[in-house]
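Below you'll find the structure, written out as structure tokens, and then a few comments.
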Amino acid sequence: MRSWCVVAGALLLAGCGQQSAPVAQCPDPMRGCRIAAGGVQADLRFASPPGTLRPFVLEVAAPGAKSVAASFAMVGMEMGENRYQLARTGSDAWRAEIILPVCVAGRADWLMTLEVDGKSVGIPFVTAGRP
């Protein structure tokens with residue numbers, strides 16, 4: 001039920017007059033998934049569990065990419081600037097250590113916008129909660 005709410009929230013954001021990226025599903029970011037939406041072709045994986053105020057690692061494989069970035073937001077809630085430029089770790093491999101802020105409302109639903117060479121796709125996910 002919770003993951004459906006995340007997807008519904010992401011779709012609502014698209015209709016609120018804000019520019020948004022197409023949304024792709026990644027049912028288990030810890031296991032990883034292949035994203036092919038919005039012109040983005042990449043494999044992504046959280047190398048450690050996502051949470052608030054504790055670092056987790058995002059790994060992306062994007063063949064031929066020149067730049068990879070990720071930003072994190074909550075639908076309908078200002079979370080400040082949470083944009084990370086991933087560092088190249090191999091010919092097609094990119095990596096960043098991410099730290100998400102705590103949501104004072106207690107929410108754990110996030111929308112990651114993955115940007116590869118200027119093309120973006122939204123990927124909803126849920127954190128484990130507060131530290």
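What the table shows:
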read-out: Residues that are at pLDDT below 95, surrounded by fewer than 15 Cβ atoms within 10 Å (Cβ to Cβ) and in a strand (DSSP E or B), drawn from the stretch 28-42; value: Ala36
read-out: Inter-residue pairs, beta-carbon under 6 Å, first closer than 17 Å to Val68 by Cα and in the stretch 22-49, second loosely packed, with under 13 Cβ neighbours inside 10 Å, 6+ apart; value: Asp43/Arg34
read-out: When residues of the stretch 80-115 are limited to those that are in contact (Cβ under 8 Å) with a residue 12 or more places away in the chain and small (Gly, Ala, Ser), the one farthest from Ala47 (Cα to Cα); value: Ala105
read-out: Residues (part of a loop (DSSP other than H, G, I, E, B) and within 25 Å of Cys103 (Cβ to Cβ)) located in the stretch 43-71; value: Ala47, Ser48, Pro49, Pro50, Gly51, Leu53, Arg54, Pro55
read-out: Within the stretch 72-83, considering residues that are part of a strand (DSSP E or B) and surrounded by 15 or more Cβ atoms within 10 Å (Cβ to Cβ), the one modelled with the lowest pLDDT; value: Met74
read-out: Flag if Leu86 is surrounded by 19 or more Cβ atoms within 10 Å (Cβ to Cβ), of a type outside the set (Gly, Ala, Ser) and within 11 Å of the chain's Cα centre (by Cα); value: no
read-out: Among residues of the stretch 51-61, those that are surrounded by 15 or more Cβ atoms within 10 Å (Cβ to Cβ), in contact (Cβ under 8 Å) with a residue 40 or more places away in the chain and under 23 Å from Asp92 (Cα atoms), counted; value: 3
read-out: Scope the stretch 89-106; condition at pLDDT 90 or above, in contact with a Lys or Arg (Cβ under 9 Å, 6 or more places away or on another chain), within 18 Å of Ala128 (Cα to Cα) and surrounded by fewer than 17 Cβ atoms within 10 Å (Cβ to Cβ); matching residues; value: Ile99
read-out: Residues satisfying the stated conditions in the stretch 116-131, i.e. more than 18 Å from Gly39 (Cβ to Cβ) and either without any contact (Cβ under 8 Å) to a residue 12 or more places away in the chain or part of a strand (DSSP E or B) (or both); value: Pro124, Phe125, Val126
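The values are calculated or read from the model by the stated rules, or taken from the named source; none is laboratory data. Given the structure is predicted, the values throughout are model-derived calculations rather than measurements. Cβ sites come from the backbone with ideal geometry, for glycine too, and all protein chains shown count toward neighbours.
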